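Heads up, the thing below is written out as structure tokens.
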Amino acid sequence: MTLHHHGYFSDKSDLYASARPRYPDELFEFLCDQCPDLDRAWDCGTGSGQAAISLAEHFWQVEATDVSPQQIKNAASHERIHYSVQPAERTNFLDNAFSLVTVAQALHWFALEEFWQEVQRVLKPGGIFATWTYTWFHVSDEIDQIIKARLLDAIVGFWAPQNRLTWDGYRNVSFPFAEIPSPDIILAPQWNLDQLLSYLGTWSATRRYIEVNGGGFFRELEAALGNVWGNHEKKRAISMEFHLKVGRHET
């Protein structure tokens, strides 16, 4: 049965499209080096297409799917990307259709037993499956402490159980592929204060807290961060924990 948590990301899907980081080129170069060919890739749970856009720079055709019509509506267009609204666990793709299947920051929302069967059906023999997630981040000790005290401590009870799968880098999820050693990928976007706040506002736990308690605490967070950030347009490196899991489909 498909999990119906996509509503967390639908109401503000335009914000999600602008506030989530793009992934480094090194990630896609590594994945392409593992693939049997660069014909077709499927980006599943594409959201607003951050990963799909990068895949389109390498593959002749990219299928990008999401269960949320609002996310697809706000996805970045590209001549080699075809977007469609489909559940991860049940698609209309042909057998053995893809050389690469990717899931960026979304695997924890899927019904995994059914999803693995679907991936194994649509991947070519020797094809690659890759999933990744980014979790906690570091800006500076002072800024980190403000975010912990004014945001993380407030929303701790509002995380969905699935989010906890990301916190250990998907180490505790089933993985029916021959795992491939992965390089260390550095994810450190340069953001100003408004970009950081927009990102924090896309967190599902933040959204759920605001639904219950209102947004006053978030305005207080913004004021507290503004006092130490300096010029709000000043960009700082947001060093994110990045976890990558890659495997080959063997038959």
Inset, instruction - Find the Rg to Rh ratio for the chain, where Rh is the Kirkwood radius over alpha-carbon pairs and Rg uses the same atoms. - result: 0.97
Legend entry - Val173 long-range amide H proximity, modeled H, under 5 Å: none
Inset, instruction - Taking only the C-alpha atoms, wrap a convex hull around segment 89-214 and report its volume per residue in Å³ as a whole number. - result: 152 Å³
Legend entry - Amide H contacts under 5 Å for Arg236, placed H, 5+ residues apart: Trp191, Asn192
Inset, instruction - Beta carbons within 10 angstrom, averaged per residue: use that to sort the peptides 138-146, 48-56, highest first. - result: 48-56, 138-146
Legend entry - Listed residue (Asn96, Gln162, Trp60) projecting farthest to the positive dipole end of the chain, Cβ model: Gln162
Legend entry - Fraction of antiparallel bridges per DSSP, the chain only, in percent to nearest 5: 45 percent
Legend entry - segment 178-229: C-alpha gyration tensor shape, a/c 1.5 cut-off, then a/b vs b/c: oblate
Inset, instruction - Before rounding to the nearest 500, sum -39500 (n - 2.57) across all DSSP H runs of length at least 4 in the chain and divide by the residue total; then give [θ] at 222 nm in deg cm²/dmol. - result: -9000 deg cm²/dmol
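Only the coordinates and a few stated rules stand behind these numbers; no lab work does. Just so it is clear, the structure is predicted and the values come from calculations on it, not from any experiment. For neighbour counting, all protein chains shown are included, and Cβ atoms are generated from backbone atoms with ideal geometry for every residue, glycine included.
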